[in-house]
Amino acid sequence: MPLSEQEQRLLDEMERHLMRNDADVVSAPRDGRSLSYRNIVYGTILVLLGLGGLIVGVSLPLIVVGVIGFVVMLGGVVLAVTPTRGPGRVRVESPKPATAGKQGASFMDRMNDRWDKRQGER
């Protein structure tokens, strides 16, 4: 079902507003994070070690070893599937004048400062 003329205008206006105010969100690269082969190898080794510990813990009456083996396996899986930033994609942000001196500025204070900065760029 096609959009009406008014709906199309409203959608275009919303898109322009989003592009103007949230350009960093819209233009953020979606593929900036990728899997690291090193993490996959280390994760696989941890999974195998954890599996060995789990088997030893189950075959012998050592429940603690089995639980530790399971936790190591879980950590290996998490390490293997966790994406990392690409080598050239590390973002260095310049300190903002309003929060540069505030080491303990709260999240909301920083977000308010960013909002004020964006609204001032209009």
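Kindly evaluate residue 66 against the criterion of being under 27 Å from the mean Cα position of the chain (by Cα) and at pLDDT 85 or above.
Taking the combined requirement at face value, the residue does not satisfy it.
If you check residue 49 against the conditions, is it aliphatic (A, V, I, L, M), in a helix (DSSP H, G or I) and modelled with pLDDT under 90? Write out each step before concluding.
Values: aliphatic (A, V, I, L, M): yes; in a helix (DSSP H, G or I): yes; modelled with pLDDT under 90: no.
Answer is no for this residue.
Go over the candidates 94, 59, 106 one by one and state the one that is modelled with pLDDT of 80 or more, under 30 Å from residue 21 (Cα atoms) and not acidic (Asp, Glu).
106
The values are calculated or read from the model by the stated rules, or taken from the named source; none is laboratory data. Computed from a predicted model, the values in this text were never measured in an experiment.
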